[in-house]
1. Out of 304, 340, I need the residue that is surrounded by fewer than 20 Cβ atoms within 10 Å (Cβ to Cβ) and in contact with a strand residue (DSSP E or B) (Cβ under 8 Å, 6 or more places away or on another chain). Which one?
2. Condition check: in a strand (DSSP E or B), touching a residue at least 60 places away in the same chain (Cβ under 8 Å), over 30 Å from residue 108 (Cβ atoms) and away from the ligand (no atom under 13 Å from the Cβ). Does residue 329 satisfy that?
3. Could you please give the count of residues in the range 256-271 that are more than 20 Å from residue 148 (Cβ to Cβ) and more than 16 Å from the ligand (Cβ to nearest atom)?
4. I'm trying to understand the selection: among the residues of the range 332-361, which are in a strand (DSSP E or B) and at positive phi?
5. Select from the range 238-255 the residues that are over 28 Å from residue 123 (Cα atoms) and surrounded by fewer than 22 Cβ atoms within 10 Å (Cβ to Cβ) and list them in ascending order.
6. Show me the strands (runs of 3 or more DSSP E) entirely contained within the range 377-438 in which 1 or more residues are at pLDDT 95 or above.
7. Where residues in the range 360-380 are over 22 Å from residue 242 (Cβ atoms) and in contact with a strand residue (DSSP E or B) (Cβ under 9 Å, 6 or more places away or on another chain), which of them is nearest to the ligand (Cβ to nearest atom)?
8. Taking only the range 272-285 into account, find how many residues are away from the ligand (no atom under 12 Å from the Cβ) and surrounded by fewer than 24 Cβ atoms within 10 Å (Cβ to Cβ).
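The values are calculated or read from the model by the stated rules, or taken from the named source; none is laboratory data. No experiment lies behind these values; they were computed from the predicted model shown. Here the Cβ positions follow ideal geometry from the backbone for every residue, glycine too, while neighbour counts run over all protein chains shown.
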Ligand SMILES: [Zn+2]
């Protein structure tokens with residue numbers, strides 16, 4: 001028993017504390033909690049100073065930018081405002097893929113490799129340094145505390161990351177004991193799983209929920225269908241992220257859990273971009289992230305107009321994200337927020353939407369269950385999954401280097417494992433996957449009738 005406890009402390013608790021110390025998260029959060037009340041001009045000045053420092057550092061230490069700035073004659077010491085960013089080209093996923101080594105700073109330490117589907121279904125490998133981790137965690141922490149809850153409050157997380165699921169025992173111990181967070185895996189949403197989720201939530205009596213809006217609203221409606229109320233647990237807030245939040249999902253979650261819904265927008269790749277405050281404003285993490293809205297030709301748009309979200313993350317000296325294209329669509333909101341925070345606002349965010357899919361045996365699964373089959377394959381540059389019927393699913397693939405019959409076999413096998421053996425998996429290759437008419441990307445579409453999001457919600 002004591003051995004177990006020692007192992008717990010030495011392998012989990014102590015390293016976690018060390019990591020927290022080195023990441024400097026507590027100090028950063030305190031700074032952010034001050035700067036959020038600054039007037040807009042002061043926040044912009046801080047942002048500009050940090051932007052210039054990032055660009056100067058990139059010129060000195062990052063081969064990709066040294067070469068780029070030299071080629072186009074860009075001198076970061078001479079910029080006058082954040083709008084000078086427009087003189088630089090965008091950083092797309094293809095640029096990162098082609099320059100993975102040259103984008104690393106020569107003084108980077110402790111780079112961690114990440115892998116994401118991004119918003120457009122193009123798998124992306126990139127690196128994150130310790131500086132950036134602490135900034136993103138601190139920004140998330142600040143936004144959590146806007147809602148009168150804090151890290152350590154009882155929490156239910158509805159999530160589908162296979163990394164976390166793989167290490168679930170560890171995560172569960174660490175979170176249960178210290179963070180009082182419990183993870184409900186969101187991949188499989190069968191009736192019996194949903195019954196179990198409702199029971200877990202009732203038992204935990206969480207102060208906060210965190211997860212995909214599609215999954216949280218599905219759980220909420222399932223509870224109602226069982227005649228089970230959920231508004232008697234003391235849930236204060238449901239943090240929704242990773243997907244577009246539809247109005248009907250918001251009202252479903254708020255009504256059934258008897259709580260507020262707080263929308264968050266960001267990603268591993270682009271950072272913690274914006275989060276809703278209790279007064280309703282989607283506040284940008286403006287101290288850390290410069291957001292530009294651009295038209296289809298790449299021209300920056302004035303405040304209030306809708307276009308693609310392009311981010312420059314100011315804590316990315318180790319592996320810069322400068323003018324990174326998110327593929328998501330939104331507008332900057334010129335109105336001030338009633339809460340009084342000086343942080344600018346984002347509105348009308350049209351992030352990714354993901355349909356639910358249905359396995360042959362009737363099991364309802366979050367679309368991520370299929371996404372993970374494809375997105376970690378470097379041989380696949382982009383993809384879209386279309387469930388035509390219970391018997392047929394089509395995968396549209398933009399091949400990358402190394403793509404061939406072997407990869408197709410792996411995709412077929414992975415899909416069959418999720419959807420059921422005997423389901424027909426048809427794979428087509430194409431040169432490009434266009435966004436839908438609305439400009440949004442949806443990389444899992446199901447025609448089986450388990451769709452959670454209304455089609456007309458744009
Ligand atoms: Zn506000």
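1. Details: 340 fails: in contact with a strand residue (DSSP E or B) (Cβ under 8 Å, 6 or more places away or on another chain).
None of the other options fit; the residue is 304.
2. On the way: in a strand (DSSP E or B): yes; touching a residue at least 60 places away in the same chain (Cβ under 8 Å): yes; over 30 Å from residue 108 (Cβ atoms): yes; away from the ligand (no atom under 13 Å from the Cβ): yes.
So residue 329 passes the test.
3. Step one: of the range 256-271, the residues more than 20 Å from residue 148 (Cβ to Cβ) are 256, 265-271.
When the remaining residues are screened for being more than 16 Å from the ligand (Cβ to nearest atom), the result is 256, 266-271.
Total satisfying the criteria: 7.
4. Step one: of the range 332-361, the residues in a strand (DSSP E or B) are 332-333, 345-350, 356-358.
348, the sole residue that qualifies.
5. To start, the set of residues in the range 238-255 that are over 28 Å from residue 123 (Cα atoms) comprises 238, 247-248, 250-255.
Within the range 238-255, 247, 248, 250, 251, 252, 254, 255 qualify.
6. Working: elements: 380-387, 392-399, 424-429.
Qualifying strands (runs of 3 or more DSSP E): 392-399, 424-429.
7. Taking the range 360-380 as the starting set, the residues that turn out to be over 22 Å from residue 242 (Cβ atoms) are 360-362, 378-379.
Still in the list and also in contact with a strand residue (DSSP E or B) (Cβ under 9 Å, 6 or more places away or on another chain): 378-379.
Working: 378: 41, 379: 44 Å.
Looking at the filtered set, the residue picked out is 378.
8. First, the residues of the range 272-285 that are away from the ligand (no atom under 12 Å from the Cβ): 272-273, 285.
Add one more test, that the residue is surrounded by fewer than 24 Cβ atoms within 10 Å (Cβ to Cβ), and what stays is none.
Adding up the residues that qualify gives 0.
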